[in-house]
Amino acid sequence: MTNQSCREQFILLGFSDRPQLEQTLFVFVLIFYLVTLVGNIIVILISCLDPCLHTPMYFFLTNLSFLDLCFTTSSIPQLLFNLGGPDKTISYTGCAIQLFMFLGLGGTECVLLAVMAYDRFTAICKPLHYSIIMHPQLCWKLVSVAWGVGLLNSLAMSPVTMRLPRCGRCKVKHFLCEMPALIKIACVDTVAVENTVFILSVMIVLVPLGLILVSYSYIALVVLSMKSAMGRRKAFNTCGSHLTVVSLFYGNIIYMYMQPGNHSSQDQGKFLTLFYNLVTPMLNPVIYTLRNKDVNGALRRLVSRK
């Protein structure tokens, strides 16, 4: 294959080294994807249709559900196509779009989870001033910052990654056009690119994570000082869902992006990417609604009204 062929299409090897696994994986990925779509659409609908949920917390949750829908849809349909037949190709344009969306949506979710932590900090540590601090204009500004950071992350890293010389190497050892996988098939020294990725990862991943940890440190101090067991239980239920989502998302992201591109295991990378690209977005609606009385009540009211 020549350099020109890589300008037209890439070959996503994905799980083709395990053909016996592909059919089984196709069924599981399809089921998980459908559950992800249904679960996140339900969260968006009940948050928008029920007036009782028109609060900052559910405004951010609606954005998270929409983000998860976009995140999974950016790569899972292509994965299902490749798993369902012998054709493993993706066009150059499709690969560039997939990479752009993946980087942008991932960066947006990092910042959005930090915004949600600040919302919980304000609700628990400053309850009397919550409605004044978290006014609608501030909520919109915080969400805009999250989407803006994701967009800037994509604009900074996507062109650099796609323009790397590959000398005819078009076989990507992954099921999507992800940055570490594309860096690995470059035929030039990629140390400078890897260092840039590391610096951006520190800014986009670790800075929001640091803000989340600071927020929950203050929350823990306030909760521990509560004399009421019911108050502590309510605060724990309020923050437990968000902490679970943060742990699932950041654990995988840090492992994938906080190390040089050529030193991570390819098999581990594929399965971890599949986890945070499919399983985590599927679990998010369950985590937020399973023990949430407000959401369960809104769902019951919506069903009974219909």
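The values are calculated or read from the model by the stated rules, or taken from the named source; none is laboratory data. The model shown is predicted, which means the values in this text are computed figures rather than measured ones. Methodologically, a virtual Cβ is constructed for each residue, glycine included, from the backbone with ideal geometry; neighbour enumeration extends over all protein chains shown. Accessible surface areas use protein heavy atoms only, side chains included; no ligands, DNA or RNA. Shrake-Rupley method; radii C 1.70, N 1.55, O 1.52, S 1.80 Å.
Restricting to the stretch 94-135, and then to whatever is of a type in the set (G, A, S) and in contact with a helix residue (DSSP H, G or I) (Cβ under 6 Å, 6 or more places away or on another chain), can you tell me which residue is nearest to P159 (Cα to Cα)? So that I can check it myself, show each step before the final result.
To start, the set of residues in the stretch 94-135 that are of a type in the set (G, A, S) comprises 94, 96, 104, 106-107, 114, 117, 123, 131.
Cutting the leftovers down to in contact with a helix residue (DSSP H, G or I) (Cβ under 6 Å, 6 or more places away or on another chain) gives us 96, 104, 107, 114, 117, 123.
Working: A96: 8, G104: 13, G107: 16, A114: 27, A117: 32, A123: 41 Å.
Checked the stretch 94-135; the qualifying residue nearest to P159 (Cα to Cα) is A96.
For (1) part of a helix (DSSP H, G or I); (2) not aliphatic (A, V, I, L, M), each residue gets a yes or a no:
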residue	(1), (2)
L37	yes, no
L45	yes, no
F59	yes, yes
L80	yes, no
D87	no, yes
I97	yes, no
M101	yes, no
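Scan V202, V160 and give me the residue that is among the β-branched types (V, I, T) and at pLDDT 85 or above. If you could, list the steps in order and put the result at the bottom.
On the way: V202 fails: at pLDDT 85 or above.
After applying the criteria, what remains is V160.
Across the stretch 1-19, which residue is farthest from H174 (Cα to Cα) among those that are outside any loop (DSSP other than H, G, I, E, B) and at pLDDT 80 or above?
At the first step, the residues of the stretch 1-19 found to be outside any loop (DSSP other than H, G, I, E, B) are 3-6, 9-12, 19.
In the following step, the residues that additionally are at pLDDT 80 or above were identified as 9-12.
On the way: Q9: 14, F10: 11, I11: 9, L12: 6 Å.
Residue satisfying both the conditions and the ranking: Q9.
Scan the stretch 147-166 and tell me whether some residue there is charged (D, E, K, R), in contact with a Phe, Trp or Tyr (Cβ under 8 Å, 6 or more places away or on another chain) and open to solvent by less than 20 Å² (accessible area, probe 1.4 Å). Within the stretch 147-166, not a single residue is charged (D, E, K, R), in contact with a Phe, Trp or Tyr (Cβ under 8 Å, 6 or more places away or on another chain) and open to solvent by less than 20 Å² (accessible area, probe 1.4 Å). Within the stretch 103-135, the residues that satisfy the criterion of being open to solvent by 70 Å² or more (accessible area, probe 1.4 Å), in a helix (DSSP H, G or I) and free of Cβ contacts under 8 Å to residues at least 24 places away in the same chain are P127, L128, H129, S131, I132.
Would you be able to say whether some residue in the stretch 193-201 is part of a loop (DSSP other than H, G, I, E, B), open to solvent by 20 Å² or more (accessible area, probe 1.4 Å) and of a type in the set (S, T, N, Q)?
First pass over the stretch 193-201, keeping only residues part of a loop (DSSP other than H, G, I, E, B): none.
No - not one qualifying residue is present in the stretch 193-201.
S247 - would you say it is open to solvent by 10 Å² or more (accessible area, probe 1.4 Å) and hydroxyl-bearing (S, T, Y)? Spelling it out, S247 is indeed open to solvent by 10 Å² or more (accessible area, probe 1.4 Å) and hydroxyl-bearing (S, T, Y). Only a single item in (1) open to solvent by 10 Å² or more (accessible area, probe 1.4 Å); (2) β-branched (V, I, T); (3) farther than 12 Å from F175 by Cβ is not met by V43, and it is number (1).
Summed over the stretch 81-102, the residues that are closer than 26 Å to L21 by Cα, within 19 Å of the chain's Cα centre (by Cα) and either among the aliphatic types (A, V, I, L, M) or open to solvent by 40 Å² or more (accessible area, probe 1.4 Å) (or both) give a count of 1.
Kindly provide the set of residues from the stretch 59-71 that are under 24 Å from S304 (Cα atoms) and touching a residue at least 24 places away in the same chain (Cβ under 8 Å), ordered by number.
Here is the first cut: in the stretch 59-71, the ones under 24 Å from S304 (Cα atoms) are 59, 61-62, 65.
Answer for the stretch 59-71, where residues must be under 24 Å from S304 (Cα atoms) and touching a residue at least 24 places away in the same chain (Cβ under 8 Å): F59, L61, S65.
Which ones in the stretch 218-233 are without any contact (Cβ under 8 Å) to a residue 24 or more places away in the chain and open to solvent by less than 100 Å² (accessible area, probe 1.4 Å)?
Initially, the stretch 218-233 is screened for residues without any contact (Cβ under 8 Å) to a residue 24 or more places away in the chain, giving 220-221, 224-233.
If the condition is that a residue be without any contact (Cβ under 8 Å) to a residue 24 or more places away in the chain and open to solvent by less than 100 Å² (accessible area, probe 1.4 Å), then A220, S225, M226, S228, A229, G231, R232 are the ones that fit.
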